């Protein structure tokens, strides 16, 4: 691969679909402020204490559907402590909780899987930590993939100039080839192939309760990849962008075909979509650091039908 042919360019020119590429079934987020240089493997290569690294790794392993992100602002804020967020990106009642740490040792004393379980069982117990502003996390981790820094930093700067401290730089989000990429919490919305022109309208769209432009929308992290693709097709066919427009009823797999049913808000109509999962005909590198090419999953809509709600 020549210097001019980076993974994001090859993904775009190959015609790779962006939908169905968000974090697969992620509905719990551990998000830690770490205002230092990030390596390619940010957590492993950080200067955090080895015991704390182990503590965080064990928390992720013990919490199904969880993911850890490191974040930072462009400029270190002296004396403000360290922010740690727990995000729940389930389909309903998505929420963020913020814990201000004096130093990283405070985090080592927190039983994170237990806190997640307690929040789910009795969220009122953590009402004092409820965080009511969204987080816009833009991947700028150039040590992991150069596309993320070269393309991600301008988006981050433009968005931060508009939305301030709601916008953070973050480590690897998955899918370097869709750079610039970002995650919006608490709903776990993934976007990619962004430009600086998307920064302001994306923030405004989310604050209005809508999914931003579908050609930038990778999917919602609480869904599995084929369900993300089905949601994309549903929104494309109905021209409905409201975040709460649909709720997933169920999803079944028969070989390579997924049947996904969504209920629409208000009329209770059930949308049934059949989506075929298949390998791409093209081959691309998944990262600038990994020049070997491979085929990637693609999702094709076979049919979409609408059914009246079943009588009780």
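Read-outs: derived from the displayed coordinates by stated rules, not from any lab. Everything numeric here is computed off the predicted structure, so don't read it as measured data. Cβ coordinates were reconstructed from backbone atoms using ideal geometry, including for glycine residues, and neighbour counts include every protein chain displayed.
Starting from the Cα-Cα distance between residue 125 and residue 82, subtract it from 0.36 nm times their residue separation and give me the gain in nm to one decimal.
Answer, rounded to one decimal: 13.3 nm.
Starting from the Cα of residue 294, move 7 Å in the Cα-to-Cβ direction to define the label point; list residues of segment 169-199 whose amide nitrogen is under 13 Å from there. Once the point is set 7 Å along Cα→Cβ of residue 294, 175 turn out to lie under 13 Å by backbone N, inside segment 169-199. Computed over segment 1-126, the convex hull of the alpha-carbon atoms projects to a mean area of 10.6 nm². Among 120, 67, 263, a tally of other beta-carbon atoms within 10 Å of each Cβ gives an order, fewest to most, of 120, 263, 67. Mean sequence separation of contacting Cα pairs (under 8 Å, at least six apart), scaled by the length of segment 1-224, corresponds to a relative contact order of 27 percent.
Please give the FRET efficiency for residue 44 paired with residue 265, using the beta carbon to beta carbon distance and R0 = 45 Å, rounded to the nearest 0.05. Taking R0 as 45 Å, the efficiency between residue 44 and residue 265 is 0.60. In the chain, the calculated helix contribution to ellipticity at 222 nm averages -7500 deg cm²/dmol per residue, counting -39,500 (n - 2.57) for every DSSP H run with n ≥ 4.
Fewest neighbouring Cβ atoms within 10 Å first, the residues 99, 178 line up as 99, 178. Sorted fewest first by neighbouring Cβ atoms within 10 angstrom, 307, 271, 55 come out as 307, 55, 271.
Ranked from largest, the principal axis spans of the Cα set of the chain equal 56, 56, 36 Å.
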